[in-house]
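The values are calculated or read from the model by the stated rules, or taken from the named source; none is laboratory data. These numbers come from a predicted model, not from an experiment. Don't worry about glycine lacking a Cβ; one is built from the backbone with ideal geometry, like all the others, and counts go over all protein chains shown.
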Amino acid sequence: MNGRVVALSGGVGGAKLAQGLARVLASGELSVVINTGDDFRHLGLWISPDIDSVVYALSDLSDPVRGWGRREETWTFMAALKGLGGADWFALGDADLAMHVERSRRLAAGESLSTVTAGFGRALGIDARLLPMSDDPVSTRLLTNEGWLEFQEYFVNRRCGPAVQRIEFQGAAAARAHPEALAALQDPDLRAVIICPSNPFVSIEPILAVPGFRAALEQCRAPVIAVTPLIGGKAIKGPAAKMMQELGYAASGEAIGRRYSAFIDAFVTDASDPAPAPIAGVTLVQAQTLMRTSEDRVQLAHAVLAIADRLT
């Protein structure tokens, strides 16, 4: 079955499924709406970590060992920066640095983030449409037991150590959703919306906090399928499970499914987990969600699309 598909994605985990979808869909069928709440300015450069994870995954440049950044990376810049006493807590590889320098140059020249991102996609041979959730700045901030922290300070510099008490998306209420992203969600020929296995609190919900996105999902005519980012109560990468427990939720796929239940039609948990309790209005499916290899990503992409087609 052919048709356009929209994926909502955060960083590493979401990028893996986006790569699988890109490999099984026909040319021009995939649009990826990407979280930008993690974006921040560092060393005078504009860094977009989730966008870069998706770009590297879809261009087959991802580092398969570290799980983030570019493959075959070198670190001369970071070593020199450290030698000068500079802030070296956020690692920027030599090849990766080119992305941030060129993005910052083009943004300073007046281009929008979406225009810059689309340009990177074309330059790297990516066929999918890459859509930042907004061209307006949105900043994910966390109230912790040590006070308010910007997301990258919490995630990278503090290694997710502080306990999270509350999350806010500064600037989201005034941000404008990317018009192509909203149009894609409202496309009458849309085959499916896939919410990739990303942290619900800091990867998917920043997107939903921008006016228009949640309503578009609730009113979407196509099936909306979400994939758990947790297996056995643990995240493959990142602080999702820890964050859920600190915010008073069970660290389980079922809890995420219930959080999404107002706008999803199906929820996919891992085949190794116990089947979740029924969720009203949501079809529950189990599949292999661990994506160690490219074949795993393709297999999961086929699985979620098959679920969507059965619900059509």
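Summary of computed values
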| read-out | value |
| --- | --- |
| Candidates L143, L107 - the one that is surrounded by fewer than 20 Cβ atoms within 10 Å (Cβ to Cβ) and assigned to a strand (DSSP E or B) | L143 |
| Set F155, F120: member being under 16 Å from the mean Cα position of the chain (by Cα), of a type outside the set (S, T, N, Q), part of a helix (DSSP H, G or I) and closer than 23 Å to V33 by Cα | F155 |
| Pairs, first touching a residue at least 12 places away in the same chain (Cβ under 8 Å) and of a type outside the set (G, A, S) in the range 160-182, second assigned to a helix (DSSP H, G or I) and exposed (fewer than 14 other Cβ atoms within 10 Å of the Cβ), C-beta under 6 Å, six or more apart | none |
| Single condition K16 does not satisfy, out of (1) charged (D, E, K, R); (2) in a helix (DSSP H, G or I); (3) free of Cβ contacts under 8 Å to residues at least 40 places away in the same chain | (3) |
| Residue pairs meeting the criteria (Cβ under 6 Å; at least 6 apart or on separate chains; first under 12 Å from S48 (Cβ atoms), in the range 95-115; second outside any helix (DSSP H, G or I) and acidic (D, E)) | L113/D135; S114/D135 |
| Selection within the range 158-182 - under 27 Å from S112 (Cβ atoms), in a strand (DSSP E or B) and not aliphatic (A, V, I, L, M) | E168, F169, Q170 |
| Cβ-Cβ under 6 Å pairs, at least 6 apart or on other chains, the range 211-228 side in a helix (DSSP H, G or I), far side at pLDDT 95 or above and not aliphatic (A, V, I, L, M) | L217/F263; E218/F263 |
| Selection status of V268, farther than 26 Å from F40 by Cβ, crowded, with 20+ Cβ neighbours inside 10 Å and of a type outside the set (D, E, K, R) | yes |
| Selection count, the range 202-215, where residues are of a type in the set (G, A, S), buried (at least 20 other Cβ atoms within 10 Å of the Cβ) and touching a helix residue (DSSP H, G or I) at 6+ places or on another chain (Cβ under 8 Å) | 1 |
| Residues of the range 40-70 classified as part of a loop (DSSP other than H, G, I, E, B), surrounded by fewer than 22 Cβ atoms within 10 Å (Cβ to Cβ) and at pLDDT 95 or above, total | 5 |
| Unique residue being assigned to a loop (DSSP other than H, G, I, E, B) and farther than 21 Å from A18 by Cβ when the list is L97, L92 | L92 |
| Residue count for the range 243-276, restricted to those that are part of a helix (DSSP H, G or I) and among the hydroxyl-bearing types (S, T, Y) | 1 |
| Boolean, V202 is closer than 21 Å to Q19 by Cα and either in contact with a Ser or Thr (Cβ under 8 Å, 6 or more places away or on another chain) or free of Cβ contacts under 8 Å to residues at least 40 places away in the same chain (or both) | yes |
| Failed condition for I236, given (1) among the aliphatic types (A, V, I, L, M); (2) crowded, with 16+ Cβ neighbours inside 10 Å; (3) closer than 19 Å to A173 by Cβ | (3) |
| Search result, residues across the range 183-201 that are assigned to a helix (DSSP H, G or I) and either surrounded by fewer than 20 Cβ atoms within 10 Å (Cβ to Cβ) or modelled with pLDDT under 95 (or both) | A183 |
| Within the range 297-309, considering residues that are in contact (Cβ under 8 Å) with a residue 40 or more places away in the chain and not β-branched (V, I, T), the one nearest to A275 (Cα to Cα) | L300 |
| Hits in the range 4-57 - residues which are among the polar types (S, T, N, Q) and either under 13 Å from the mean Cα position of the chain (by Cα) or under 20 Å from F213 (Cα atoms) (or both) | S9, Q19, S31, N35, T36, S48, S53 |
